[in-house]
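S.K.: Take this structure, written in structure tokens, and hold onto it; I'll ask about it next.
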Amino acid sequence: MSWRSERIWIELITGSRKISNFGWALILFLGSLGFVLVGTSSFFGRNFISLLPSQQINFFPQGIVMSFYGIAGLFISSYLWGTILWNVGSGYDRFDIKEGIVCIFRWGFPGKNRRIFLRFLMKDIQSIRIENKEGLFARRVLYMEIRGQGAIPLTRTDENLTPQEIEQKAAELAYFLRVPIEVF
């Protein structure tokens, strides 16, 4: 989503609050919980899950392994829920021609560096760069090349834009900033 006028362009960046992340976190949580319940029911010899009689699974070694995988899955699930809760990766890109300043803001993980805020002068922007990798894991990323700072990504690596969409976005941004486009 973006907002644009003659002097200012603001591009809103979605973070980890995507439907796919909610789905994976929920599936991982429920699956891990099932593994922990099966391991626990094999330890106590009682059926916590009615679909699987506990007598069919011995605690050593199957119950221990299932409990271990369940606990590991719960840790990974809690990590995913944390990134969704904190909305890691969300923010905005603000290009202001009137002020001659580019501001890039992203939310990170809680801590000292939770707020990531980068500020550049527009005259330091060398180009807009498109990185296009085809193949089994196709990847199209839009970068802004800053003099003395290197390349700063403007799109997520998992955004899955088509070649036409990334070219259109790069062309509009390069025209707005009055800089050339590079393709890698």
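One line per residue, one yes/no per condition, for (1) in contact with a strand residue (DSSP E or B) (Cβ under 8 Å, 6 or more places away or on another chain); (2) free of Cβ contacts under 8 Å to residues at least 24 places away in the same chain; (3) among the small types (G, A, S):
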{"site": "T40", "(1), (2), (3)": "no, no, no"}
{"site": "Q56", "(1), (2), (3)": "no, yes, no"}
{"site": "M66", "(1), (2), (3)": "no, no, no"}
{"site": "N87", "(1), (2), (3)": "yes, no, no"}
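S.K.: What's the number of the only condition in (1) under 17 Å from the mean Cα position of the chain (by Cα); (2) within 22 Å of W3 (Cβ to Cβ) that R140 fails to meet?
M.R.: In the conditions (1) under 17 Å from the mean Cα position of the chain (by Cα); (2) within 22 Å of W3 (Cβ to Cβ), R140 misses (2) alone.
S.K.: Could you tell me whether any residue of segment 93-105 is without any contact (Cβ under 8 Å) to a residue 12 or more places away in the chain and either of a type in the set (A, V, I, L, M) or in a strand (DSSP E or B) (or both)?
M.R.: Filtering segment 93-105 for residues without any contact (Cβ under 8 Å) to a residue 12 or more places away in the chain gives 99.
Filter once more, keeping what is either of a type in the set (A, V, I, L, M) or in a strand (DSSP E or B) (or both): none.
Looking for residues that are without any contact (Cβ under 8 Å) to a residue 12 or more places away in the chain and either of a type in the set (A, V, I, L, M) or in a strand (DSSP E or B) (or both), one finds none in segment 93-105, hence no.
S.K.: Another question, then. Of all residues in segment 20-61, count the ones that are of a type in the set (A, V, I, L, M), surrounded by fewer than 14 Cβ atoms within 10 Å (Cβ to Cβ) and at pLDDT below 95. Please lay out each step first, then the result.
M.R.: In the first step, residues of segment 20-61 are kept if they are of a type in the set (A, V, I, L, M); the result is 25-28, 30, 33, 36-38, 49, 51-52, 57.
When the remaining residues are screened for being surrounded by fewer than 14 Cβ atoms within 10 Å (Cβ to Cβ), the result is 26-27, 30, 49, 51.
Now drop any that are not at pLDDT below 95, which leaves 49, 51.
Here the count works out to 2.
S.K.: If I ask for residues that are of a type in the set (S, T, Y) and more than 27 Å from the chain's Cα centre (by Cα), which ones from segment 25-82 would you list? Give the steps one after another, and end with the answer.
M.R.: If we filter segment 25-82 for residues that are of a type in the set (S, T, Y), which is where we start, we get 32, 40-42, 50, 54, 67, 69, 77-79.
Within segment 25-82, T40, S41, S42, S50, S54, S67 qualify.
S.K.: Considering only residues of segment 78-118 that are of a type in the set (S, T, N, Q) and out of contact with any helix residue (DSSP H, G or I) (no Cβ under 9 Å at 6 or more places or on another chain), which is modelled with the lowest pLDDT? Full working, then the answer.
M.R.: Step one: list which residues in segment 78-118 are of a type in the set (S, T, N, Q), which gives 78, 83, 87, 90, 113.
Okay, now just the ones that are also out of contact with any helix residue (DSSP H, G or I) (no Cβ under 9 Å at 6 or more places or on another chain), so 87, 90, 113.
Details: N87: 95, S90: 94, N113: 91.
Here the residue is N113.
S.K.: Another question, then. Got a sec? Which of E182, E159, E134 is acidic (D, E), under 22 Å from the mean Cα position of the chain (by Cα), at pLDDT below 95 and under 23 Å from I10 (Cα atoms)?
M.R.: Values: E182 fails: under 22 Å from the mean Cα position of the chain (by Cα); E134 fails: under 23 Å from I10 (Cα atoms).
Every option except E159 fails the conditions.
The values are calculated or read from the model by the stated rules, or taken from the named source; none is laboratory data. Since the model is a prediction, treat every value here as computed from it, not as a measurement. Cβ sites come from the backbone with ideal geometry, for glycine too, and all protein chains shown count toward neighbours.
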